[in-house]
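Some notes on the structure that comes next.
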Amino acid sequence: MKNLIIFWLLLPLSCFGGSIYFSSNQILQGEPLLIEIKGDRGSFVYIEEDFLPIIEVNGGRYIFWSPDLDARVGSYDVCDEEGNELGIFQVADRPGETKEDTIKTEFEIKSEIVEKHFDSLCLAHKYEPLFSGKFVGPLSQMDVYSRYAKLRKKGGETWWHKGVDFTASIGTPIYSIGDGVVIEVGEFFRYGGTTVIDHGAGIISFYLHQSDFAVKKAARVVAGQVIGATGNTGNVTGPHLHFGIRISGEQTDPLLFMEMFNDMFD
C-alpha cells in the first residue's frame, strides 16, 4: 500500500507564524488528506465550506480531511480564520464510470445513519481527539474481498462501494480500531447489526453486518477491544465485515486513512 506521508512535496507556506505541509499535493476523490501545521498560533482552517479544527497529536498539530467520492474535481484552497489563503492542493477524478446520472451513493448510507444523527455523529467530539495512539485492525485477519470505491452494478444502477469488505465467518471477533465512544449500536435494514464509534477529531468508524454486539451505546472503548462479532445480517450475499471511516461526515478510504494516521505516531 502506498505511503501518503510525503510532507516535503510542497514548499512550506507562511501561516499562523509557522508553515503548512500537505501529505500529498494531489489526492483522488475519496482519499484522505493530512495537513500538518508548524507553529502554535491559530485554532482552525477552512477548506471550501468545511470548518476544520487543528488537533494536537503526538506533539504535532494536524488537520484531517477527505473529499467524498463524488466531490468536485479541481483546486481546493486552505484558508485561515480570516479567510487568507494558506495553500492549495488538487482533488483528481477517480478512474471509473463517474457519470453523475448513474453513480449512486452506496444504499444512500446517509439516510439511515449519518443524516439521522449527523450532529451527534460528527460534531460531539470534533474539537478533541479521543484516541491516544495508533489504530489497529478491526479483525485479526483482514482478507479484503471488496475494496473501497469498487463500482457495483445492479439493474440499471451503478454505485460506489464506500467501505472495505473483509471475508470473515460468522462469529469472528470485531475490534474497535481505536479509543473512543460508542455512538450507535443497533439493527438497520440494509446494514444489519451495526456499531459506530466516535474517535474524536471528526473521525468515526463503522462496523456493519454484525451477528452480535459486545458494547452498548455511550460506552467508552479502547483500541483492540472486542465490540461485536461478524455475521450476515442486513443486505448481504454472505458473512463478512463491512468496515468504513468518515472524516467530518465524509467517507474516505479506511485503509489508506489508517496508514496515514498511524504514521503520525512513528
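The values are calculated or read from the model by the stated rules, or taken from the named source; none is laboratory data. Every value quoted in this text rests on a predicted model; they were computed, and no experiment measured them. Please note: Cβ atoms are built from the backbone with ideal geometry, for glycine as well, and neighbour counts cover all protein chains shown. Accessible surface areas use protein heavy atoms only, side chains included; no ligands, DNA or RNA. Shrake-Rupley method; radii C 1.70, N 1.55, O 1.52, S 1.80 Å.
Of the residues making up region 192-225, those that are open to solvent by less than 30 Å² (accessible area, probe 1.4 Å) and in a strand (DSSP E or B) number 17.
Within region 121-143, the set of residues being modelled with pLDDT under 80 and either charged (D, E, K, R) or surrounded by fewer than 14 Cβ atoms within 10 Å (Cβ to Cβ) (or both) comprises Leu123, Lys126. When each of Gly96, Gly178, Gly83 is tested for being assigned to a loop (DSSP other than H, G, I, E, B), at pLDDT 90 or above and open to solvent by less than 60 Å² (accessible area, probe 1.4 Å), the lone residue that passes is Gly178. Taking region 173-214 as the range and being within 18 Å of Gln225 (Cβ to Cβ) and of a type in the set (Asp, Glu) as the test, the residues that pass are Asp179, Glu184, Asp198, Asp212. Residue count for region 226-266 satisfying the condition of being surrounded by fewer than 21 Cβ atoms within 10 Å (Cβ to Cβ) and not small (Gly, Ala, Ser): 15.
Pairing each residue of region 64-79 that is in contact (Cβ under 8 Å) with a residue 24 or more places away in the chain with any residue that is in a strand (DSSP E or B) and open to solvent by 60 Å² or more (accessible area, probe 1.4 Å), provided the two are 6+ apart or on different chains, yields C-beta distances under 6 Å for Asp77/Glu85; Asp77/Ile88; Cys79/Tyr46; Cys79/Glu85. Looking only at region 160-175, residues that are of a type in the set (Ser, Thr, Tyr) and buried (at least 18 other Cβ atoms within 10 Å of the Cβ) come to 2 in all.
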